[in-house]
Amino acid sequence: MTKRHIITLLVENHPGVLARVVGLISGRGYNIETLNVGPTHHPERSRMTMTVPGDDHVLEQVIKQLYKLVDVIEVSDLTDERHLNRELVLVEVAATEEKRAELVQLAGMCDAVVISVQDESLTMELADTRNRVADFIDLLKPYTILDLSRSGVIAVSRPE
Amino acid sequence: MTTETRTGADCVIEGLREAGADIVFGLPGGAVLDIFSKLYHADDMKLVLVRHEQGATHMADGYARATGKVGVCLVTSGPGATNAVTGLATAYMDGIPMVCISGQVPSHMIGNDAFQEADTTGITRAVTKHNYLVHNADDLPRIFAEAFHIASTGKPGPVLIDIPKDVQRAATTAAATPAVNLAGYRPQSGYNPEQVKQLADAINTAKRPLLYTGGGVIAGNASAELTALAHKANIPVTTTLMGLGGFPETDPLALRMLGMHGSMTANLAVGECDLLISVGARFDDRVTGRIAEFAPTAKKAHIDIDPSSINKSVAVDIPVVGHAKDVLAALTDLVDTRERGEWVEHLSEQKARFPLAYDEKTEELLPQYVIDMVYKVSNGEALIVTDVGQHQMWAAHFFKYTAPRTFLSSGGLGTMGYGLPAGIGAQAAFPDKNVVVLSGDGSIQMCFQELVVAVEHGWNVNTVILNNGHLGMVRQWQEMFYGKEYAGSVLKQEDRPANEKMPPQANDEFLPDFVKLAEAYGAIGVRVTCKEDVVPALEKAFSTKAPVVIECIVKEEENVYPMVPPGASLDETILSMV
Ligand SMILES: Cc1ncc(C[n+]2csc(CCOP(=O)(O)OP(=O)(O)O)c2C)c(N)n1
């Protein structure tokens with residue numbers, strides 16, 4: 001079955017790790033839809049989260065191959081497991097004075113925050129699940145989106 | 001614990017010594033001169049100067065396959081490293097333990113397109129088990145310890161260490177014997193006894209079990225355990241190309257090789273068995289044929305050290321992750337002694353009906369005959385190293401391998417040019433063994449220059465070139481599947497298609513002249529053109545204390561059979577074209 005897989009990795013914080021992981025996946029012809037890397041509470045370890053669309057069987061192989069990388073300590077496919085995920089989006093929308101109030105209201109309804117106001121635009125942020133971030137962006141489509149940056153999903157497994 | 005001050009290059013020699021490496025195949029250049037200077041003073045280490053870095057990697061590989069130890073090669077930055085890529089990929093595909101050290105431009109110049117700079121760790125990432133770009137000389141002792149550990153444990157493979165010149169020259173006081181602590185590298189140890197029990201039960205209830213064994217039996221030194229299991233439970237054994245020698249082919253239970261050019265008996269047995277037990281083999285497409293019809297009625301078990309190998313291309317019923325040696329020994333304890341008379345007899349009949357055979361009566365000099373004679377004249381005791389092509393398959397058919405590490409061949413990557421340097425590496429490890437390289441007139445030209453290395457060191461490797469005037473395996477495919485459109489596969493001038501013809505040459509009968517070429521490198525060259533001369537030439541070569549190259553002018557249009565046409569299933573194995 002093909003679906004979007006959320007894969008998290010705990011890796012050694014070594015130069016080149018990112019290239020190894022990405023190379024392994026892209027070298028097999030799979031597209032990494034989102035990718036996020038950051039430090040963890042352990043100074044020598046980093047956490048990577050990525051979303052990769054693909055067939056279950058194929059992703060199982062990819063995960064086994066990822067495990068073979070010497071710098072990869074742990075790999076989990078959280079797709080079918082209890083987990084928590086968040087994505088951050090920063091979006092700048094054209095906003096003349098008369099549109100401002102409307103946009104601020106919309107942001108409020110979606111739990112987004114206005115983080116900067118310019119003469120001709122507003123910049124908002126929203127940290128929420130992947131789907132709600134996507135919904136928020138859809139709601140903004142009738143306005144003019146000037147710039148947009150999404151962090152990609154980050155995820156942790158959720159204990160029972 | 002050493003804490004005395006020394007340089008990074010000292011640590012390289014120290015790291016090799018710690019790992020027990022005493023032979024290095026290499027070729028110098030600006031970015032590795034500091035290491036070569038240290039080798040100059042390392043009396044306990046042999047430096048073998050190759051003539052092309054591909055040769056260095058294949059020699060290290062041949063040395064590793066013949067001994068089971070880690071092979072070591074040393075190359076310079078840029079072109080030295082890129083020349084090593086084919087040999088790394090060859091070793092990677094076949095799971096061969098190797099450490100390749102490459103020089104790199106000084107750290108501060110990396111990324112500047114400096115002279116002879118290449119992104120070596122980037123280029124080799126996909127063809128090594130792991131690689132390192134060393135930033136600090138203090139890390140070298142640890143990296144060397146890790147590299148040898150990674151190369152030789154789990155499913156073995158090549159590891160590359162790229163060392164910038166300034167790191168080679170930098171001073172360090174790092175301890176010489178650091179602890180290896182790799183959080184992300186935990187090669188399989190032990191096995192799941194439940195799975196082994198399940199497999200033993202399956203064997204005990206199976207009527208027609210079949211062992212299908214690969215390179216993992218060789219790498220895992222599990223031949224004795226495999227033989228014990230097969231004998232106790234009377235399970236017939238078929239091996240992959242990589243598995244040849246893992247089970248004695250002279251044994252009554254041996255069905256010989258399976259797959260695209262496997263024996264009829266082995267290929268049919270796969271379709272007939274009710275339990276297929278794969279040991280250290282990876283269901284390669286050259287083995288399985290059309291995957292959906294591979295052993296369709298059998299329950300499938302897979303013993304492998306590498307979890308990613310399991311369920312990769314074939315779904316298995318009983319997976320067992322573990323060392324072949326341990327798992328097979330445990331299985332042998334648990335299985336019942338069984339006759340399986342009907343199954344074993346049926347397969348013996350099949351073997352008698354479909355022997356791996358060639359026309360022994362013909363006057364013509366057939367390539368198969370030459371290999372058969374290599375087998376007979378050497379009393380089956382030669383260490384055979386092959387190149388890639390038809391001769392490689394005939395080497396699998398007409399020599400019977402009875403011990404592990406006596407058949408070395410590039411199975412996974414299929415690298416033409418592998419044979420001679422790998423043979424030299426094997427001969428370096430065992431100067432007194434009868435190492436015979438079986439090659440084709442195409443393959444041999446890819447690394448022929450390394451012959452001089454054998455001559456220089458007095459390694460008496462024998463090379464038999466089966467000259468069929470063609471890139472024979474390519475010609476066979478063109479004949480069978482491409483309407484005889486022999487583009488690019490004809491080596492002999494006179495037979496070439498019109499647009500590949502050249503003006504007549506002074507000597508286009510033997511172009512190149514392999515005998516002269518051998519002599520130019522200081523070896524002995526012999527040309528054999530008729531059947532009667534083969535045995536005397538081999539006898540002479542095997543008793544001569546010098547590298548001998550025997551060029552046999554063999555029949556041009558001979559094809560390798562049996563064959564499973566590409567995309568067909570093993571049941572559709574054909575014995576000839578008609
Ligand atoms: C480096 C490399 N290039 C191309 C091939 C494709 N190839 C496979 S077999 C073969 C022909 C080999 O010819 P030869 O060495 O003369 O052996 P023969 O098949 O005639 O025994 C070729 C070109 C290969 N395996 N390796």
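General remarks:
- Considered as a group, the residues in the range B:219-239 that are of a type in the set (A, V, I, L, M, F, W, C) and closer than 13 Å to residue B:332 by Cα include one that is surrounded by the fewest Cβ atoms within 10 Å (Cβ to Cβ), and that residue is B:224.
- Tally of residues being of a type in the set (D, E, K, R) and either under 24 Å from residue B:562 (Cβ atoms) or within 15 Å of the ligand (Cβ to nearest atom) (or both) across the range B:455-480: 2
- Among all positions in the range B:306-315, there is no residue which is closer than 16 Å to residue B:206 by Cβ and either outside the structural domain of residue B:217 (by TED's automatic domain parsing) or touching a residue at least 40 places away in the same chain (Cβ under 8 Å) (or both).
- Scan of the range B:425-449 for residues that are away from the ligand (no atom under 16 Å from the Cβ) and either of a type in the set (Asp, Glu) or in contact with an Asp or Glu (Cβ under 7 Å, 6 or more places away or on another chain) (or both), ordered by number: B:425, B:432, B:434
- Only one of the numbered conditions (1) within 14 Å of another protein chain (Cβ to nearest Cβ); (2) basic (Lys, Arg); (3) closer than 15 Å to residue B:220 by Cα is violated by residue B:312, and that is (3).
- Cβ-Cβ contacts under 7 Å between residues 6 or more apart (or on different chains), taken from a first residue in the range A:5-16 that is more than 14 Å from chain B (Cβ to nearest Cβ) to a second residue that is basic (Lys, Arg), are listed as A:8/A:47.
- Residue check for residue A:21: within 14 Å of another protein chain (Cβ to nearest Cβ), within 17 Å of the chain's Cα centre (by Cα) and touching a residue at least 12 places away in the same chain (Cβ under 8 Å): yes
- Residue within the range B:376-387 that is out of contact with any Ser or Thr (no Cβ under 6 Å at 6 or more places or on another chain), modelled with pLDDT of 95 or more and within 16 Å of the ligand (Cβ to nearest atom) present: yes
- Test for residue B:425: is it closer than 19 Å to residue B:463 by Cβ and part of a helix (DSSP H, G or I): yes
- Every residue from the range A:64-78 that is over 19 Å from residue B:128 (Cβ atoms) and within 9 Å of chain B (Cβ to nearest Cβ): A:73, A:74
- Selected residue (criterion: modelled with the lowest pLDDT) from residues of the range B:167-188 that are assigned to a loop (DSSP other than H, G, I, E, B) and over 25 Å from residue A:17 (Cα atoms): B:177
- Whether a residue is assigned to a helix (DSSP H, G or I), more than 19 Å from the chain's Cα centre (by Cα) and either within 11 Å of the ligand (Cβ to nearest atom) or surrounded by fewer than 24 Cβ atoms within 10 Å (Cβ to Cβ) (or both) was assessed, and residue B:485 does not pass this test.
- Pairs with Cβ under 6 Å, 6+ apart, first in the range B:101-130 and free of Cβ contacts under 8 Å to residues at least 60 places away in the same chain and part of a loop (DSSP other than H, G, I, E, B), second of a type in the set (D, E, K, R) and surrounded by fewer than 18 Cβ atoms within 10 Å (Cβ to Cβ): none
- Identity of the residue in the range B:213-262, hydroxyl-bearing (Ser, Thr, Tyr) and in contact with a helix residue (DSSP H, G or I) (Cβ under 7 Å, 6 or more places away or on another chain), that ends up nearest to residue B:67 (Cα to Cα): B:223
- Residue in the range A:56-70 that is over 15 Å from residue A:25 (Cα atoms) and assigned by TED's automatic domain parsing to the domain that holds residue A:25 present: yes
- Taken over the range B:335-390, the criterion of being in a loop (DSSP other than H, G, I, E, B) and acidic (Asp, Glu) is satisfied by B:336, B:339, B:359, B:360, B:363, B:364, B:381, B:387.
- Meets criteria (buried (at least 24 other Cβ atoms within 10 Å of the Cβ) and more than 16 Å from the ligand (Cβ to nearest atom)) for residue B:452: no
- Residue B:216 being buried (at least 22 other Cβ atoms within 10 Å of the Cβ) and not assigned by TED's automatic domain parsing to the domain that holds residue B:61: yes
- Residue B:397 vs. criteria more than 9 Å from the ligand (Cβ to nearest atom), surrounded by 21 or more Cβ atoms within 10 Å (Cβ to Cβ) and farther than 30 Å from residue B:73 by Cα: yes
- Whichever residue in the range B:488-519 is within 14 Å of the ligand (Cβ to nearest atom) and part of a helix (DSSP H, G or I) and, among such residues, is surrounded by the most Cβ atoms within 10 Å (Cβ to Cβ): B:514
- Pairs with Cβ under 6 Å, 6+ apart, first in the range A:85-111 and more than 14 Å from residue A:123 (Cβ to Cβ), second of a type in the set (Gly, Ala, Ser): A:85/A:155; A:86/A:127; A:87/A:151
- Residue in the range B:345-365 that is among the β-branched types (Val, Ile, Thr) and touching a residue at least 40 places away in the same chain (Cβ under 8 Å) present: no
- Conditions (1) buried (at least 18 other Cβ atoms within 10 Å of the Cβ); (2) within 13 Å of chain B (Cβ to nearest Cβ); (3) of a type in the set (A, V, I, L, M, F, W, C); number of the one not met by residue A:50: (2)
- Residue list for the range B:409-424, filter: within 11 Å of the ligand (Cβ to nearest atom) and either crowded, with 24+ Cβ neighbours inside 10 Å or in contact (Cβ under 8 Å) with a residue 40 or more places away in the chain (or both): B:410, B:413, B:415, B:417, B:418, B:419
The values are calculated or read from the model by the stated rules, or taken from the named source; none is laboratory data. Because the structure is a prediction, the values reported are computed rather than measured. Please note: Cβ atoms are built from the backbone with ideal geometry, for glycine as well, and neighbour counts cover all protein chains shown.
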